[in-house]
1. With a cut-off of 8 Å between alpha carbons and a minimum separation of six or more residues, what is the relative contact order of chain A in percent?
2. Efficiency by 1/(1 + (r/R0)^6): what FRET value for residue B:31 and residue B:56, r their Cβ-Cβ distance, R0 = 25 Å, to the nearest 0.05?
3. With n ≥ 4 as the cut-off for DSSP H runs, can you work out [θ] at 222 nm for the protein assembly as shown, using -39500 (n - 2.57) per run divided by the number of residues, rounded to the nearest 500?
4. Shielding of B:382-388 by partners, i.e. mean partner chain Cβ atoms within 10 Å per residue?
5. Given a Förster distance of 51 Å, report the FRET efficiency between residue A:377 and residue B:279 from their Cβ-Cβ distance, rounded to the nearest 0.05.
6. If you average over every viewing direction, what projected area does the convex hull of the Cα atoms of region B:268-359 give, in nm²?
7. Can you tell me, using C-alpha contacts under 8 Å and at least 6 residues apart, the relative contact order of chain B as a whole percent?
8. Where q = 0.08, 0.11 Å⁻¹, what log10 of I(q)/I(0) comes from the Debye formula for chain B, counting one point per Cα?
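Here, each number is a calculation from the coordinates, and none is a lab measurement. Because the structure is predicted, anything quoted here is derived from the model rather than measured. Backbone-built Cβ (ideal geometry, glycine too); neighbour counts: all protein chains shown.
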């Protein structure tokens with residue numbers, strides 16, 4: 001597949017890395033030669049230097065026979081214009097634009113084919129903000145990702161003192177049904193499926209008799225309203241979150257504060273005096289503090305020991321690490337650090353810092369969704385890019401598809417890949433061995449290793465039958 | 001004199017125009033006097049030509065020095081307008097009642113134009129109707145603002161016009177523009193004002209006033225003045241429906257006219273809910289009224305609870321909105337009640353309304369500033385903006401409000417001393433100054449609702465006239481003209 005990427009910033013280069021590995025022909029366009037040189041050195045791709053919204057530059061980048069245009073420059077207007085040109089002048093079939101401004105996002109009709117002609121809109125800052133919001137809503141979770149438009153969630157938790165610790169997986173359902181009988185006010189049919197277990201960073205294929213041990217990282221799928229109940233099985237529940245402190249009032253920090261401020265008590269620390277002033281005008285219920293997130297006196301003054309979640313979200317990896325380590329030492333219950341460098345993420349996750357979040361990982365999923373072959377509705381990158389969770393749509397009929405009409409147990413899946421849930425029309429089904437697959441089902445799969453992705457994609461392709 | 005030539009002459013042309021417009025407004029009572037032969041014809045026959053003629057002389061004489069008005073010209077023009085027009089307004093009074101004396105006549109005219117409603121006259125019922133109309137008409141013209149009227153009618157004020165508009169409109173937030181052009185804003189405001197007044201006249205007429213009384217009282221109510229055509233004020237009518245109507249229209253006139261304008265233009269009633277002042281204004285006035293009613297009932301001032309509610313609510317609304325009509329002598333109420341009414345009238349009405357006082361908006365800002373300082377003690381590093389509704393108020397305005405408060409209090413203290421120094425008792429001096437500077441009208445003691453300001457000596461009348469002007473122009477506009485810096489190059 002021939003793909004043009006406009007913009008070689010963080011989002012653009014991270015996407016390029018993923019796509020080159022998956023075997024696409026890439027051309028990256030940017031204004032800065034150094035960025036392009038760095039990219040070309042690391043990956044096998046072509047680069048063009050110039051203004052991304054100029055037709056001549058697009059032609060130079062091979063727009064005439066490209067299959068896809070991904071406009072992810074920092075400038076919304078450039079991205080929108082490039083998509084418009086790609087449609088009008090070059091007839092590129094798929095056009096994806098990154099839009100940062102929420103003002104544009106409020107008018108989806110702008111992106112219709114007769115206007116800006118954007119097929120898919122992505123908003124990385126919004127993705128990261130939503131991601132953080134889910135982590136704050138479920139403070140026990142290590143990762144929470146949405147499927148089926150938010151109806152189904154995949155949650156990663158560290159097993160710790162819950163009922164299931166020391167029990168086999170097959171008891172999960174029984175126990176939850178027992179709980180249901182004790183608490184009739186709970187909704188009927190609480191069900192969940194454990195998709196993967198990581199023990200000492202090594203994947204274990206979950207079987208009925210797998211016993212969960214203290215410290216296991218458990219990935220489970222459940223309907224959104226049941227997440228809390230299932231989480232209780234794995235972990236002694238913590239207190240709810242009320243106080244959140246955010247260090248860094250940049251794009252992500254301010255969005256998160258705005259998102260949280262009605263439901264939580266939010267304090268935001270911003271270093272720049274003028275920017276802090278502007279933020280204090282914009283955020284109505286957030287207490288904006290002017291200072292440094294790594295300033296011990298400031299943190300103590302603002303009672304960091306009573307903070308439930310501390311998020312370090314500045315642009316500077318080292319600052320984020322130091323601020324979150326400091327906050328943890330001073331008594332914050334849970335600390336989250338935003339870290340761009342993937343090596344740092346691997347170093348820190350699971351140590352003093354509860355969650356090391358790489359924005360690239362959080363935002364690559366939606367992009368991959370539109371790029372993958374077969375009909376992918378959602379793609380989420382897990383465990384720092386090693387694993388993936390997919391929501392894929394089953395097309396075709398019993399003859400042309402390898403899936404339709406079969407039971408889950410019959411399908412030959414690569415080792416470790418598991419189907420956890422199905423969205424059938426509007427119904428959420430947690431699957432078992434005897435569940436049948438129907439046409440237009442959305443399957444939610446867990447893929448423990450990215451190398452297996454092509455095999456999985458093949459399963460979903462509609463073939464020409466078996467003769 | 002070079003200073004005169006530099007500062008004063010360039011504005012004479014425009015000032016002449018304003019005086020002429022003001023003179024033309026004398027034609028209404030003149031017509032009434034001629035038609036009814038009420039005895040004041042001769043006064044108007046002289047006063048109107050003198051005023052219009054003076055205006056013409058200024059207009060023609062100032063033509064030579066006219067130039068684009070600057071900010072300072074605008075301020076001076078406002079101050080000169082507001083000191084000269086009352087002088088012209090005294091003409092009909094002096095010509096008809098030569099015994100009145102210049103100080104008292106100027107006091108009466110200033111009280112009319114600033115919509116204060118303090119009067120030195122008694123025997124109002126026997127005055128010629130044209131004189132009563134003239135007094136009420138002064139309220140009505142001055143209530144929303146003469147310069148605003150002139151801006152609406154004559155498109156001759158350039159750059160300085162904007163400054164004049166700001167100097168005359170009573171609000172701390174001077175930069176909210178309703179329409180792109182100043183003249184359009186002025187027209188819009190006057191249109192709303194005229195509409196509300198017409199509705200008010202009709203309602204009062206239907207509820208039993210004579211048409212003439214309805215016009216006089218509607219002018220008085222919408223300008224939140226307080227002149228009546230009867231010595232007993234609203235007590236003369238002794239009618240509950242009329243009192244309710246007066247209270248409702250007084251409350252309406254105490255709301256920012258920009259809000260009325262926005263509501264009428266877009267037919268969106270939601271703007272009233274989003275106005276940050278209205279809820280405080282209404283709750284302060286109405287809750288105070290109810291609480292005072294209960295207090296007075298419990299203290300046996302009124303034997304009936306219904307009587308207590310009727311009289312207390314009406315008089316509370318009337319004084320708090322700086323209207324100043326009375327249906328009973330609240331000077332006889334317990335001391336606390338009278339003081340509370342004086343307190344209410346100093347801050348209840350909204351900015352941009354026709355009422356006086358420091359305005360509810362400034363009170364809210366002051367309160368929020370205090371709260372902000374307290375919060376700063378707890379969070380020394382926090383950036384805490386001040387919000388009014390959803391808008392953030394710039395610090396510049398907060399500082400201006402703090403300075404305003406200081407000068408307001410200082411003015412009350414100084415002027416009270418000036419009055420008591422010349423022989424008035426403390427309660428009378430203090431309440432007279434509060435009544436005048438807030439453009440309310442009646443005070444307590446010797447200038448209470450049952451009496452008039454006739455007890456004042458000439459000097460005291462001048463002091464009170466100054467207080468009214470000070471309050472109407474919101475202190476700064478008048479005070480800046482008294483500073484040497486203003487006259488320097």
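1. Averaging sequence separation for qualifying contacts and normalising by length gives 10 percent for chain A.
2. 0.75
3. It comes out at -15000 deg cm²/dmol, rounded to the nearest 500.
4. 6
5. Efficiency, from the Cβ-Cβ distance: 0.60.
6. That works out to 6.2 nm².
7. 17
8. One equal scatterer on each Cα of chain B leads to -0.46, -0.90.
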